[in-house]
Amino acid sequence: MDQGSAGTGQAHADQETDWERGCLMRIDELRLIAFGPFTGTTLDLSQGREGFHIIYGPNEAGKSSSLRALRYVLYGMPVQFGDDFIHPYSKLRIGAAIRSSHGNVMEWVRRKGRENTLRGPDDKDIIDEMELKGFLGGVDGDQFSTMFGFGYEDLVKGGREIIQGGGNLGRLIFSAGSGIANLREVQNELRQTADQLFKSAGQNPIINKAVGRLDRIRKDLREAQLPSEQWIKHDESMQNAMMGKNRVERELTLKNKEHSRLMRIHDALPFITRHGEVIHELAAYATTALLPEAFSETRQKLVTELTFAGKEKMSALGIIDSCKQAISRLEVYDVLMNHGDLVEETYQDLGSQRKAAKDRIALETSRSALRQEAREILLNLRNDLTLDEVEKLRIKKTETVRIQELGAQYERIVTRIQTAKDQLPEFIRGIAKVREELEHLEEPVSVDELQRALADGEEYAPLEKLMRTEQADLETLASSLEIDLGKLGLKGLPLEKLEELQVPFMETIRLFSGHFDAVDKALDKLDEEWKKTDKTLKDIQRQIETLELEQEVPTEEDLHKARKKREQGWQILSKTLNNLPLSQEEAEAYLESAGQSSVMKAFEGDIREADAISDRLRREADRVANKARLLVDLKVHKEVFLQIEKELETMKVKKKEISREWFEIWMPSVIHPKSPREMESWVQDFQAVVKNAKEKRVRQTKAIQWQEDVETRRKKLIQCFRTFPGLPDPNQESLMNLIKQAQAVIKRQGELWDKRERLSHEKSMMEKERDLSTSRLKAGEQELEKWQDHWEQAVQPLGLEAKSFPSQATVVMEELKSLFEKLKEAKILQQRIEGIDRDTEAFGQKVSGLVEVMAKDLAGRTPEENVLELLNRLKRSRDSWSRKETLKKQADQAEKQLKKAEDERIKIEIHLKNLCEQAYCQNIHELGEAEKRSDRRRQLEIELKNLNDQLRKLSGGASVDDFIQEVRLVDPDGMEGELKTLSDQIDQLSQEKSALDQTIGSERTELGKMDGSAKAADLVEEMQNLLGRLGNDVEQYARLTLADKVLARAIEQFRDKHQGPILMKASELFTRMTGNSFEGIRAEFEENGQPVLVGLRSGSKDIVRVEGMSEGTADQLFLALRLAALEAYVEKNEPLPFIVDDILIKFDDERAVASLKELAELSKKTQVIYFTHQRHMVELAEKNIHGSMLFQHTLNH
């Protein structure tokens, strides 16, 4: 990769950034180092100037992950997302390389984290995010996704917005330009949120509820205040009660502590007594072994296992003995076992011998029958020969073939001779008849020139009638044009000059018409809004002035300042009363601000002032809220008023500019235009006149040409007729009549030529056939003579005469063939019989050998009996051997069981011995008593531990021994009296504390009445909170209302500014994307004056409202608007790559191809990256987009 000035992510400090220069950015590489399903995958996007890149990924190939990676590598990874299913968050890495139009390159790696996630290509050096921001032109992540990202969901939202929004032109253009597909939903949400805050006639909205609550608070407020002079008296009483309470609480703490100590000692006495008893009993078990809790269970288990091992040993011994006895009774023939395969093979041979014996009888019968048939055949041929002499009749194969060939040759020769004799007379008679017809036939004349003239004339024959009709039509059209020019104010203008007038296009006039209508409607609307807003402002100002004239309404800020001043006075007064240090300057400043000489009087004045403001706020809560609302409304409406005035002035300037442009476009035509509406009709009439004038000129020229063409063809036909004498004078005939005459002449001459040619051909063919038949007859007779000589020689071996026919020779050869075949079959059968006899003899010898070796006691029996007996003995031996092996295995298993039982017995005895040692016993019989003593010791130790735990809980943090010593120092008999005395003292102190608490509460309540009763204070506080929230809610309502108006105004301004170029471009795109189903789109105005977008059908130019469009067509309309808005943005701003996600999945092939071509065209201005999981879409792009613009990529992981 080429390295620019910022190739490693570091730019030169003395160079201005690409952001400041405003340059295009493109992505050269996207490196999926460790992200989603990818590891070490790189997408090279550097091909082409900007490039149309299609990235194909089948299902589960990671297309969605790569799309997210493209966003994350530029703007960072979010806190949580689902691409960590292979690589954990800490290992996720995405890299990229981007290039500006100035050649500057930046490469980096993006990690997941909270900070410092942008690293150099080595994944180590930290890069400042501002450097990347410079390449991105300051576009943030949300703006990038909205303006430069476009997916299928955005397309569907945009199409749905077009249909549901009724084609509102302003919203559609703003939505396409900003990339916000659900703009109508945003506006509705703003209005719904504002309605949740306030409705003029509502009760449930938040502001309405708050005002209602303020009314109820005002009704509930009652005066419950004390005179301020009594405040000091109640304060002193409360302070004295609080000091008394502190003293009582200290004494009560000491008494409770002592009472608790004695109660602990009292509760511990039974535990301490038992504690001594347990220690005494434990001394008797000092030498007893403390066995594990599972000791008894282990001992019993080992004893049981020892008994079981003994039984296993006896069982194994019994099995071994029985197996040995059974083996001794089994009989096995070792010789048979060693040669078992041979015995089985011999038994299989026995089956073959039995079958061969049966087959021999059938073979002998067949052999005899074949020889008898051969004798009968020989008798028919030669009764003087026997079967032994039959070889004398055998002929060679070549002789047989020769006889067959001569027979076939004879049939061909005879057939040719007879055919030639039959055909020759017929040919002679036919030749004579044709010669006579030719002599009487008329001589034809060549018509080639006439045919060429006729073909040329037939093409122009219909023009004669058309010329007469056309001349009449042209005269009518000329009169009509003169009348139309007069209506247009162009009377006397030559028709040839009419087309040269430079009249604006109809779309331009309609566009100006829309501009004038939109500006006039906007001016009317703005004027109405200006008057309405001006009236509203005056009403609000009048209401505020009325409130201020009645009496100035206090605010929350006034109350806050009064309370702050009162608090300052209280601090100074408190320091004075408690003899605390007080700054002289602070006291003097306070007295000076209050205008009093005494701190007490100044403080009393502050209290009265704060109370008065609080009372007024309570009494005038409605006026306070009303004034706050009016002030907010005043601010909002002033901003709206200024905005309307500004827009009015802008709109007036715009109207003048449109008027100037309107007159300028008509200047080349030297026509003074009226309004666009009037000129739209004028131009339609003008275009109709121009069209008719052009049509007249073309038709006039065509009529003259027709006349010349017809006359040329007439003269040519007349010239050709001079070759054919006897025809009528053609000079006065029309072209059509001349054509009919020419057709008749050509037909007549053609018939003569055809007949002469046919007869000549027939005569020639028959003469050839006559000569050929004569030659065939002569050659056949000569060939038959030669054949007779060869035939006589060929049939001599068969004993036939020379005059015999081939059919006779064929019969004799077939009989001889049958004779020799039967003798051959009989000989084969004889060989098979002899083979069976040899096999039988060999089988008997084989069986005798087996009996001699394996069972001599079977000598004298037949081979079949011997084989069956040997096989029977082999089966019995194998069964005995198998049983013997099974018994051996059982004996071996029993031996293992015996050894295992003996090993288990020794092991158990060792374990039992260890248990005896652990329990200090001589044998296992003493283990039971040892277990009982161990259990008792364990019980005592557990009880001692529990006693210690109880005493530890009662010891108050001391050790158990110290606590026991402390208890022993206390007299148990006097403890009850001490506890009774302490309880009485605690009760008395508690009653005294309760009385003091009541005094403190009473005085505090009285002091709290300084600003009213407790209920009044709560109500005032609630009212203040409500007013605070009400102010925030009113401000939020104002923001929402203002935002709705500003957004609506921005939409209209954006429409006015960009409507022309975006609509014009979108119309072209929409036409191409819909396969010319629509001629374009344009703006139409509703009855309420609002412009809406409509489609124009091709051909009929019928208007189609967006509600009448299909969902697919609406999607294509939004795509056209989106691309048009993007191109408009690119022309005035530096673009970023346009990322598209499978937006064409519902388009048919024709519209998908058209959309792909538009994206490819856009890629000439900015990089386009198209993600898809449809292989078919890639194939469409390959077939329809030039290879220099299209670059394909396939996702693999």
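Of all residues being without any contact (Cβ under 8 Å) to a residue 60 or more places away in the chain and more than 14 Å from L738 (Cα to Cα) in region 447-465, which is nearest to the chain's Cα centre (by Cα)? Just the residue, please.
Once the filter is applied, the top-ranked residue is K465.
How do the helices (runs of 4 or more DSSP H) wholly within region 1081-1186 filter down when requiring 1 or more residues that are surrounded by fewer than 15 Cβ atoms within 10 Å (Cβ to Cβ) and in contact with a Lys or Arg (Cβ under 9 Å, 6 or more places away or on another chain): which remain?
In region 1081-1186, the matching helices (runs of 4 or more DSSP H) lie at 1111-1132.
Tell me which residues, restricted to region 703-714, are among the charged types (D, E, K, R) and loosely packed, with under 14 Cβ neighbours inside 10 Å.
Of everything in region 703-714, those that are among the charged types (D, E, K, R) and loosely packed, with under 14 Cβ neighbours inside 10 Å turn out to be E708, E711.
Considering every residue within region 44-52, establish whether at least one is touching a strand residue (DSSP E or B) at 6+ places or on another chain (Cβ under 6 Å) and farther than 25 Å from E1158 by Cα.
No: zero hits.
Can you name the number of the only condition in (1) more than 58 Å from the chain's Cα centre (by Cα); (2) free of Cβ contacts under 8 Å to residues at least 40 places away in the same chain; (3) surrounded by fewer than 16 Cβ atoms within 10 Å (Cβ to Cβ) that P730 fails?
Single failed check for P730: (3).
Inspect all residues belonging to region 477-485 and state whether any of them is loosely packed, with under 11 Cβ neighbours inside 10 Å, at pLDDT 80 or above and not β-branched (V, I, T).
yes
Looking at this structure, is L406 hydrophobic (A, V, I, L, M, F, W, C) and free of Cβ contacts under 8 Å to residues at least 40 places away in the same chain?
no
For region 391-403: of the residues being in a helix (DSSP H, G or I) and in contact (Cβ under 8 Å) with a residue 12 or more places away in the chain, which is surrounded by the most Cβ atoms within 10 Å (Cβ to Cβ)?
Here the residue is I403.
For region 498-609, list the helices (runs of 4 or more DSSP H) that sit wholly inside it and hold at least 1 residues that are modelled with pLDDT of 75 or more, surrounded by 14 or more Cβ atoms within 10 Å (Cβ to Cβ) and basic (K, R); which are they?
506-550, 556-577
Can you name the number of the only condition in (1) outside any helix (DSSP H, G or I); (2) assigned by TED's automatic domain parsing to the domain that holds R883 that Q325 fails?
So the condition that Q325 fails would be (1).
Would you mind finding the one in D384, D388, D422 that is out of contact with any Cys (no Cβ under 6 Å at 6 or more places or on another chain), on the phi < 0 side of the Ramachandran plot and not in a helix (DSSP H, G or I)?
D384
Could you count how many residues in region 960-970 are in contact with a helix residue (DSSP H, G or I) (Cβ under 8 Å, 6 or more places away or on another chain) and assigned to a loop (DSSP other than H, G, I, E, B)?
Here the count works out to 1.
For (1) within 30 Å of Q991 (Cα to Cα); (2) modelled with pLDDT under 80; (3) not basic (K, R), each residue gets a yes or a no:
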position: Q230; (1), (2), (3): yes, yes, yes
position: E258; (1), (2), (3): yes, yes, yes
position: R264; (1), (2), (3): yes, no, no
position: F271; (1), (2), (3): no, no, yes
position: H275; (1), (2), (3): no, no, yes
position: A289; (1), (2), (3): no, no, yes
position: P292; (1), (2), (3): no, no, yes
position: E312; (1), (2), (3): no, no, yes
position: G318; (1), (2), (3): no, no, yes
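Sort out for me the helices (runs of 4 or more DSSP H) sitting completely within region 40-158 that have 1 or more residues that are aromatic (F, W, Y) and at pLDDT 85 or above.
Correct list: 63-75.
Can you tell me which residues in region 319-333 are within 17 Å of L898 (Cβ to Cβ) and touching a residue at least 24 places away in the same chain (Cβ under 8 Å)?
I319, I320, C323, K324 - these are the residues of region 319-333 that are within 17 Å of L898 (Cβ to Cβ) and touching a residue at least 24 places away in the same chain (Cβ under 8 Å).
In region 335-379, what residues are without any contact (Cβ under 8 Å) to a residue 60 or more places away in the chain and outside any helix (DSSP H, G or I)?
Matches in region 335-379: none.
Here is a check on your reading of the model: is P730 assigned to a loop (DSSP other than H, G, I, E, B) and at pLDDT 80 or above?
no
All but one of (1) touching a residue at least 12 places away in the same chain (Cβ under 8 Å); (2) under 30 Å from P730 (Cα atoms) hold for V795; state the number of the condition that does not hold.
Failing condition for V795: (2).
Looking only at region 73-86, decide whether some residue is more than 23 Å from the chain's Cα centre (by Cα), of a type in the set (S, T, Y) and either more than 19 Å from R119 (Cα to Cα) or surrounded by fewer than 17 Cβ atoms within 10 Å (Cβ to Cβ) (or both).
Among the residues of region 73-86, not one is more than 23 Å from the chain's Cα centre (by Cα), of a type in the set (S, T, Y) and either more than 19 Å from R119 (Cα to Cα) or surrounded by fewer than 17 Cβ atoms within 10 Å (Cβ to Cβ) (or both), which makes the answer no.
Of the residues K803, K763, K817, which is more than 60 Å from the chain's Cα centre (by Cα), more than 29 Å from D384 (Cα to Cα) and either of a type outside the set (S, T, N, Q) or in a helix (DSSP H, G or I) (or both)?
Of the residues listed, the single one that is more than 60 Å from the chain's Cα centre (by Cα), more than 29 Å from D384 (Cα to Cα) and either of a type outside the set (S, T, N, Q) or in a helix (DSSP H, G or I) (or both) is K763.
The values are calculated or read from the model by the stated rules, or taken from the named source; none is laboratory data. If you're wondering where the values come from, they're calculated on a predicted model, not measured in any experiment. Heads up, the Cβs are rebuilt from the backbone with ideal geometry, glycines too, and the neighbour counts pull from every protein chain shown.
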